[in-house]
Amino acid sequence: MELTDHVYSLPVTLELGGAERTFTPTAVETEAGLILFDTTLPGHADELEAALGEHGFGLDDVRFVVLTHHDGDHAGALATVQDRTGAPTFAHWAEAPYVDGREFPEKSEDDRYPAARVDVEVIDGVGFSTLAGPIELVETFGHTRGHSSFHLPEEQLLIAGDALTAADGELQGPATEHTLEMERAMESVAMLGELDVEHTVCFHGGYVDAGRERIREIAKGE
């Protein structure tokens, strides 16, 4: 789905444990190629490439990878994507040790996805120049220690990662069972409610035609 000019959601539907689950990375065009926000589970880079193919792209078009955080459904296919693209990877400094293998992923039990390099460790306010306008990193801690969301002010669009979720076309709060610090995560939701956002793409739930007003309701527990 093309969310707006030069911005694409990439739903990847996998059968896991007898049920279908859909994950939604996002791609944004730049003059140099695509920025890919998140990947998917390990072993499923081909499905990610198929999602890119729906918009006429392939993994060869990925110029940069940016992670919202280190959970395996977001970073699990990163090593394969790096091998196939050579794309430099950006991640928040608090997430980088879990991605590159210095630390064990916080929500994993006995196994982890293949460690992958982080080329640039970033912080709040870091920006990216794209054909859809500037993108700004917003620290949305709580789901993980260094979780980041990304705001495209010219498009009034939020790439939420897991700071928000969606179900049946309705924007919802972070998933309690998968969030390390729920109180802090809700503080992050309140902060997102101050941004100029009219529509949102969530990694779990995809695109939702809702923004600041609904985010503020969520922050209030509504």
Next item on the list: Kindly indicate whether any position in region 180-195 is touching a His at 6+ places or on another chain (Cβ under 8 Å) and either closer than 19 Å to residue 39 by Cα or at pLDDT below 95 (or both).
Entry: yes
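Restricting attention to region 51-74, and to residues there that are hydrophobic (A, V, I, L, M, F, W, C) and over 16 Å from the mean Cα position of the chain (by Cα), which single residue is most open to solvent (accessible area, probe 1.4 Å)? Lay out the reasoning, then the answer.
So in region 51-74, the residues hydrophobic (A, V, I, L, M, F, W, C) come out as 51-52, 57, 59, 62, 64-67.
Applying the additional criterion that residues be over 16 Å from the mean Cα position of the chain (by Cα) yields 57, 59.
Working: 57: 44, 59: 2 Å².
The residue in question is 57.
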Notebook entry, point to check: Quick one: is residue 149 polar (S, T, N, Q), crowded, with 23+ Cβ neighbours inside 10 Å and not in a loop (DSSP other than H, G, I, E, B)?
Noted result: yes
Notebook entry, point to check: Within the bounds of region 87-94, is there any residue that is farther than 19 Å from residue 112 by Cα, of a type outside the set (A, V, I, L, M, F, W, C), surrounded by fewer than 21 Cβ atoms within 10 Å (Cβ to Cβ) and touching an Asp or Glu at 6+ places or on another chain (Cβ under 9 Å)?
Noted result: yes
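Any idea which of 176, 130, 144, 200 is hydroxyl-bearing (Ser, Thr, Tyr) and modelled with pLDDT under 95? Walk me through how you get there before you give the answer.
Working: 130 fails: modelled with pLDDT under 95; 144 fails: modelled with pLDDT under 95; 200 fails: modelled with pLDDT under 95.
176 is the lone residue from the list that is hydroxyl-bearing (Ser, Thr, Tyr) and modelled with pLDDT under 95.
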Margin query: Step by step: first the residues of region 101-146, then only those that are part of a loop (DSSP other than H, G, I, E, B), open to solvent by 10 Å² or more (accessible area, probe 1.4 Å) and of a type in the set (Val, Ile, Thr), then the one that is farthest from residue 200 (Cα to Cα). Which residue is that?
Written below: 118
Checklist line | Qualifying residues in region 152-172 (those that are open to solvent by less than 20 Å² (accessible area, probe 1.4 Å) and in a loop (DSSP other than H, G, I, E, B)) - the one nearest to residue 106 (Cα to Cα) | finding: 162
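Any residue in region 17-29 that is in contact (Cβ under 8 Å) with a residue 12 or more places away in the chain, over 18 Å from residue 207 (Cα atoms) and part of a strand (DSSP E or B)? Full working, then the answer.
First, the residues of region 17-29 that are in contact (Cβ under 8 Å) with a residue 12 or more places away in the chain: 22-29.
Keeping just the survivors that are over 18 Å from residue 207 (Cα atoms) gives none.
Within region 17-29, none of the residues are in contact (Cβ under 8 Å) with a residue 12 or more places away in the chain, over 18 Å from residue 207 (Cα atoms) and part of a strand (DSSP E or B).
Regarding residue 163, is this residue at pLDDT 95 or above, within 19 Å of residue 40 (Cβ to Cβ) and touching a helix residue (DSSP H, G or I) at 6+ places or on another chain (Cβ under 6 Å)?
On the way: at pLDDT 95 or above: yes; within 19 Å of residue 40 (Cβ to Cβ): yes; touching a helix residue (DSSP H, G or I) at 6+ places or on another chain (Cβ under 6 Å): yes.
It is true that residue 163 is at pLDDT 95 or above, within 19 Å of residue 40 (Cβ to Cβ) and touching a helix residue (DSSP H, G or I) at 6+ places or on another chain (Cβ under 6 Å).
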Margin query: With the structure loaded, tell me whether residue 195 is touching a residue at least 60 places away in the same chain (Cβ under 8 Å), under 25 Å from residue 90 (Cα atoms) and surrounded by fewer than 23 Cβ atoms within 10 Å (Cβ to Cβ) or whether it fails that test.
Written below: no
Notebook entry, point to check: Restricting the first residue to region 40-61 and requiring it to be in contact (Cβ under 8 Å) with a residue 24 or more places away in the chain and part of a loop (DSSP other than H, G, I, E, B), which pairs with a second residue that is surrounded by fewer than 14 Cβ atoms within 10 Å (Cβ to Cβ) and not aliphatic (A, V, I, L, M) meet a Cβ separation below 7 Å and a spacing of at least six or different chains?
Noted result: 55/2
Note to self: All but one of (1) open to solvent by 70 Å² or more (accessible area, probe 1.4 Å); (2) at positive phi; (3) not polar (S, T, N, Q) hold for residue 216; state the number of the condition that does not hold.
What the structure shows: (2)
Note to self: Restricting to region 30-50, give me the number of residues that are of a type in the set (A, V, I, L, M, F, W, C) and either surrounded by fewer than 22 Cβ atoms within 10 Å (Cβ to Cβ) or on the phi > 0 side of the Ramachandran plot (or both).
What the structure shows: 3
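The values are calculated or read from the model by the stated rules, or taken from the named source; none is laboratory data. Note that the structure is a prediction, hence the values are computed from the model and not measured. Methodologically, a virtual Cβ is constructed for each residue, glycine included, from the backbone with ideal geometry; neighbour enumeration extends over all protein chains shown. In case anyone asks, the SASA skips ligands and DNA or RNA and just uses the protein heavy atoms, side chains included. Shrake-Rupley method; radii C 1.70, N 1.55, O 1.52, S 1.80 Å.
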